[in-house]
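Written below as structure tokens is the structure these notes are about.
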Amino acid sequence: MTLAHPYMPRGPVHSLAATFAIAVFTTPLLAQMPAGPPVVGYTIAEKKPVTQVEEFIGRIEAVNTVNIVARVTAQLEETTFVEGTEVKKGDVLYQLERPPFEALVQNAEAAVNQYKALLRNAVLTTGRAKSLLSGPAGQQASVDSAIAQQHAYEAQILGAEAQLKTAEINLGYTTITAPIDGKIGRTAVNVGNIVGPNSGTLTKIVSQDPMYVVFPVSVRTLLELSKIYVPKGGFKAVVLRVRLPDGTLYPERGKLDFVDPTVATSTDTVLVRGEISNPLLRQAKPGEPTLRRLIDGEFITALIEGVQPIIALAIPRSAVLSDQQGDYVYVIGPDDVVTQRRIQLGQSTPALAMVSTGLSEGERVVTEGIQRVRPDIKVVAQRAGPDPTKSDGQ
């Protein structure tokens, strides 16, 4: 029997050619036949203990920063520190010329001694005037004049001693020492130059350990955090962490210690500050520059972690999709039909999302094969592989 096809030439043909023609022309028709339900993997939404974390863009600030300025005008004779090293409070940084100020001290000491000698003579004169007052040669006017002169010398001694103290203070200013512990910067003046109060900053010292972490928080977020953590102890209920600019998590943990009482009207934010340790990366030899992980002025990401985890409904972060209307997931019903479910998220991490509304415990959420899913289709549901919600992904 000869097989006919509407697109084949009429007339008798070989059976093999007819079979090939049927296969070629009927293959597109077979491809249009409906396939079976797609296979997807799901994870069951469960309540889990989750460490709540909030992230904010912030900056590292030194606890103390001091600009070193000359207090007297003199020639710089010696610089005694190594730039970039850490100095201790009281270490000598600069030495100014001393002889002019030593001469002023000696001059002031001489003035004090002179007035003290005059005072001793005035005291003797007053005593003699008082002894003569009982005799015929005594006059009250002489006594009064002697007492007045004695008081004048006493006042001049006080003035001379004040000038002596000022001269000694200025002499002390010729030795410039470190007022705080910290890392010292570059020197702005070389030996041989004349420096003084109008010369500007000679160098800067920045304290190193601990450091402040300062970051702005929106008023709305601050109120939400207050509702969560104030009943649990306030600052004691959270831990401060820092993520460095290269994305690594700084190993040290800090604590919050200050919230600015004023809202920045331009940004509607409140400045929050924490303190965190900044140990040496390695012990430096004397005179060798030191290295620490945190640097004054550095941009970082501040992380506020709850000390105690909270119990929340958790699903893998990969199951959450987003569009212009917000976040949603695909939920598999009892009849294996997929529905789209709008949800509200709480705290999220790269691996974990906490669902505050829109999802119930025990529901099956599509986590694998999402690209094959659309609302209101039937699927073949299988339990997904290892559950990433077993850890918080941090």
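No lab work stands behind these numbers, since they all come straight from the coordinates. A quick note: this is a predicted structure, and the numbers were derived from the prediction, not measured. Every residue, glycine as well, gets a Cβ built from its backbone with ideal geometry; the counts of neighbours run over all protein chains shown.
Only lysines eight or more places from LYS116 in sequence, or on another chain, were considered; those with a Cα closer than 23 Å are LYS130, LYS165.
Lysines near LYS255 by alpha-carbon distance under 21 Å, same-chain residues fewer than 8 away left out - which ones? The qualifying lysines are LYS227, LYS232, LYS236. For the stretch 141-213, trypsin sites (Lys or Arg not before Pro) are listed when DSSP marks them as loop and at most 16 other Cβ atoms sit within 10 Å of their Cβ; the list is ARG186.
How much net charge surrounds ASN278 when only other residues with a Cβ under 9 Å from its Cβ are counted (Lys, Arg +1; Asp, Glu -1)? All intermediate terms of the calculation are to be shown ahead of the outcome.
Working: positive: ARG292, ARG293; negative: ASP209, GLU252.
Taking every Cβ under 9 Å from that of ASN278, the sum is 0.
Under 24 Å of direct C-alpha separation, and excluding same-chain neighbours fewer than eight residues apart, LYS204 reaches these lysines: LYS88, LYS89, LYS183, LYS285.
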